[in-house]
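The values are calculated or read from the model by the stated rules, or taken from the named source; none is laboratory data. Just so you know, these numbers come straight off a predicted model, no measurement behind them. No Cβ is skipped: glycine too gets one built from the backbone with ideal geometry, and neighbour counts run over all protein chains shown.
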Amino acid sequence: MNRRELFSSFGASLKDEAQKSNNSFLRPPYFKDEALFHKQCPDCENKCDTVCEEEIIKIAKDGSPYIVFGASGCTFCDECAIVCQAGVLDITFKQNINANITISQSKCLSWNHTMCFSCKDPCLDNAIDFQAMFMPTINDKCTSCGFCISRCPVDAIEINILDIKAKNA
């Protein structure tokens with residue numbers, strides 16, 4: 001494990017704890033109704049977390065799945081939706097992850113004139129644009145997959161969970 005991975009793992013665990021305390025979760029990208037997580041998941045076998053190839057799906061105390069971007073991101077492989085027998089996750093409801101990804105200009109190395117492309121390199125969707133080699137911004141191609149988050153050496157990429165009720169209205 002190199003220094004970047006070590007410090008990123010500390011930051012990821014802190015983000016995970018903050019997320020749990022807010023009772024607001026990043027959900028796998030295959031759901032239509034947040035209420036189903038609370039109704040159907042407590043009696044489920046929770047296979048969705050065991051089939052996740054990136055190991056980002058965790059199970060909350062209430063039995064519902066949520067996503068933690070520690071060392072990886074979501075590949076939208078569909079496996080969690082395929083294995084969901086409760087009907088909470090379904091491929092027909094495939095969508096972007098319920099979050100907004102932003103780059104903090106005050107924390108970002110590039111915005112502070114140190115060349116760094118740590119966030120751009122792992123981005124599968126070409127969702128990070130650099131203006132004049134130093135000013136990275138997230139564009140509208142972002143699916144909130146999370147691959148950029150763990151790669152940032154200074155924790156400058158922020159994830160804000162979207163209000164699920166407003167999203168599904």
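General observations
- Per-region count, the range 123-160, residues out of contact with any strand residue (DSSP E or B) (no Cβ under 9 Å at 6 or more places or on another chain) and either over 21 Å from ARG27 (Cα atoms) or among the aliphatic types (A, V, I, L, M) (or both): 8
- Scanning the range 108-135 for residues that are surrounded by fewer than 19 Cβ atoms within 10 Å (Cβ to Cβ) and either acidic (Asp, Glu) or part of a strand (DSSP E or B) (or both) gives ASP121, ASP125, ASP129, PHE130, GLN131, MET135.
- Of residues in the range 57-71 being touching a Pro at 6+ places or on another chain (Cβ under 9 Å) and part of a loop (DSSP other than H, G, I, E, B), the one surrounded by the most Cβ atoms within 10 Å (Cβ to Cβ): SER64
- Residue that is more than 16 Å from THR143 (Cα to Cα), modelled with pLDDT under 90 and not acidic (Asp, Glu), where the choices are LEU14, LEU89: LEU14
- A count restricted to the range 21-56 and to residues that are of a type in the set (A, V, I, L, M), touching a residue at least 12 places away in the same chain (Cβ under 8 Å) and either surrounded by fewer than 22 Cβ atoms within 10 Å (Cβ to Cβ) or in a helix (DSSP H, G or I) (or both) stands at 2.
- Within the range 111-120, the presence of at least one residue that is among the basic types (Lys, Arg) and touching a Cys at 6+ places or on another chain (Cβ under 9 Å) is confirmed.
- Screening ILE138, ILE149, ILE101 for residues that are surrounded by 15 or more Cβ atoms within 10 Å (Cβ to Cβ), without any contact (Cβ under 8 Å) to a residue 60 or more places away in the chain and closer than 17 Å to GLU54 by Cβ leaves exactly one candidate, ILE101.
- Single residue of the range 72-88 satisfying the filter (more than 15 Å from GLY146 (Cα to Cα) and hydrophobic (A, V, I, L, M, F, W, C)) that is surrounded by the fewest Cβ atoms within 10 Å (Cβ to Cβ): ILE82
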